[in-house]
Amino acid sequence: MAGAFWSLVEDDRQGNPKKVMAEVLGEAARLAGQTGAQAEAVWLTDKATEAGIKQLGEWGARRVLLLENGALAPYRGEVWVPVLAELCQKESPQAVFGPVTTRQRELMARLAARLGAGLAADATALALEGGTLVATRPVYAGKLLSKMTWAKTPWLATLRPNVFKPADAQAGPAPAVDRPAVAPAPAAMTLVERREDSATGLPELAEAEIVVSGGRGLKGPENFVILESLAKVVGAAVGASRAAVDAGWRPHRFQIGQTGRTISPKLYLGFGISGAIQHLAGMRTSKVICAINKDPEAPIFKIADYGIVGDLFEVAPLLEQEFKKLLEK
Ligand SMILES: Cc1cc2nc3c(=O)[nH]c(=O)nc-3n(C[C@H](O)[C@H](O)[C@H](O)COP(=O)(O)OP(=O)(O)OC[C@H]3O[C@@H](n4cnc5c(N)ncnc54)[C@H](O)[C@@H]3O)c2cc1C
């Protein structure tokens, strides 16, 4: 059988794979099916759960390679990469995929370097052409799409969230579970203290289907409550432009753009954001873009599907009311 298509599991640190894995595994299973190979999940964790393993199977993993070891937590690239590289050398997967997350961006780049393999970072489409994988990925801040392929296997790629079709969860046979022996090398870095950010009660930015985003037009940090209130009604995450982040109004993890997070929600609502190229780099693949700006010449209107020229302080509460009415029906 051809080498398997691997998906590196991103989990919630409580033993459950994140929802984005449905997209990664769905794509791995789709491509594996075309080559007579199978999709497999590779899970490095200090804490797996039976429910998590079952979930991976339902999303298409025929086998779970479970590397469960206390020394793998917290994530440190220098511990994970040698373990994964050794596993790749033993098992010769044809492809290794992961979601675009802060952790996997780093992990996959380091793994590619260790294996001397190619990496398609932030892929937005994957297709087999003549037996070889071809990836599409945005370049030049999303102005162009480039196609790339690999000189050799394994084909490494990180997949942009909300772009690939998620697997339909199918109750089937439970996946085979293999537990390769792991002997993680001692870490160069020691965890001194871990502080959890206070939970916002809103979805995670990169995974959210709707994102409400605010820029300098918000005028101050206190006004983000307007967007949070709207976000709660529609079940959205709240993001920000760099201007808002640089001003200290939002933590950096909420920044959307070239030097922040890349998002691809079904609906992006931008309030008081001008639409600088570096911001567009992080959100232009959103399915529907709606911009609210008082300046009719704001560049964001050039890429918006819907535009509202108006004062966000008036428009946001009105939108919230209308969404409430619609959703209550
Ligand atoms: C190397 C580099 C990397 C960068 N990376 C990023 C990045 O990752 N993400 C990012 O966002 N930026 C990034 N930037 C910065 C980027 O160039 C812009 O400066 C930034 O995106 C502007 O943020 P903004 O749209 O919030 O602010 P502004 O450009 O100041 O726009 C504010 C908008 O709000 C509107 N407005 C004001 N008041 C109201 C109101 N009451 N109602 C409605 N509209 C109103 C204005 O008309 C204006 O269009 C980067 C820049 C560089 C050089």
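Within the range 116-143, which residues are assigned to a strand (DSSP E or B), touching a strand residue (DSSP E or B) at 6+ places or on another chain (Cβ under 7 Å) and either hydroxyl-bearing (Ser, Thr, Tyr) or more than 20 Å from Glu23 (Cα to Cα) (or both)?
Step one: filter the range 116-143 for residues assigned to a strand (DSSP E or B), giving 119-123, 125-129, 132-139.
If we keep only those that are touching a strand residue (DSSP E or B) at 6+ places or on another chain (Cβ under 7 Å) as well, we get 119-123, 125-127, 132-139.
Correct list: Thr132, Thr136, Val139.
So how many residues does the range 282-299 have that are more than 7 Å from the ligand (Cβ to nearest atom) and closer than 23 Å to Asp122 by Cα? Talk me through it step by step, then tell me what you get.
In the first step, residues of the range 282-299 are kept if they are more than 7 Å from the ligand (Cβ to nearest atom); the result is 283-291, 296-297, 299.
Those still in the list that are closer than 23 Å to Asp122 by Cα too: 283-289.
Adding up the residues that qualify gives 7.
Looking at the range 248-267, is at least one residue in a helix (DSSP H, G or I) and farther than 18 Å from Pro203 by Cα?
No.
Rundown of residues vs (1) of a type outside the set (A, V, I, L, M, F, W, C); (2) without any contact (Cβ under 8 Å) to a residue 60 or more places away in the chain, yes/no style:
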residue	(1), (2)
Pro161	yes, no
Phe164	no, no
Asp178	yes, no
Leu202	no, yes
Asp246	yes, yes
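Can you tell me which residues in the range 209-247 are part of a helix (DSSP H, G or I), surrounded by 16 or more Cβ atoms within 10 Å (Cβ to Cβ) and within 9 Å of the ligand (Cβ to nearest atom)?
Arg216, Gly217, Leu218, Arg242, Ala243, Ala244, Val245
Of all residues being buried (at least 19 other Cβ atoms within 10 Å of the Cβ) and within 18 Å of Phe5 (Cα to Cα) in the range 162-182, which is farthest from the chain's Cα centre (by Cα)? Just the residue, please.
Ranking the candidates gives Pro175 first.
Give just the number: which of (1) under 26 Å from Val83 (Cβ atoms); (2) surrounded by 10 or more Cβ atoms within 10 Å (Cβ to Cβ) does Ala151 not satisfy?
With (1) under 26 Å from Val83 (Cβ atoms); (2) surrounded by 10 or more Cβ atoms within 10 Å (Cβ to Cβ) applied to Ala151, the lone miss is (2).
Among the residues of the range 248-264 satisfying the criterion of being in contact with a Lys or Arg (Cβ under 7 Å, 6 or more places away or on another chain) and not polar (S, T, N, Q), which is farthest from the ligand (Cβ to nearest atom)?
Of everything passing the filter in the range 248-264, Gly260 is farthest from the ligand (Cβ to nearest atom).
None of the figures in this text is laboratory data; all of them are computed from the coordinates on show. Everything numeric here is computed off the predicted structure, so don't read it as measured data. As a convention, Cβ positions derive from the backbone with ideal geometry for all residues, glycine included, and neighbour counts pool all protein chains shown.
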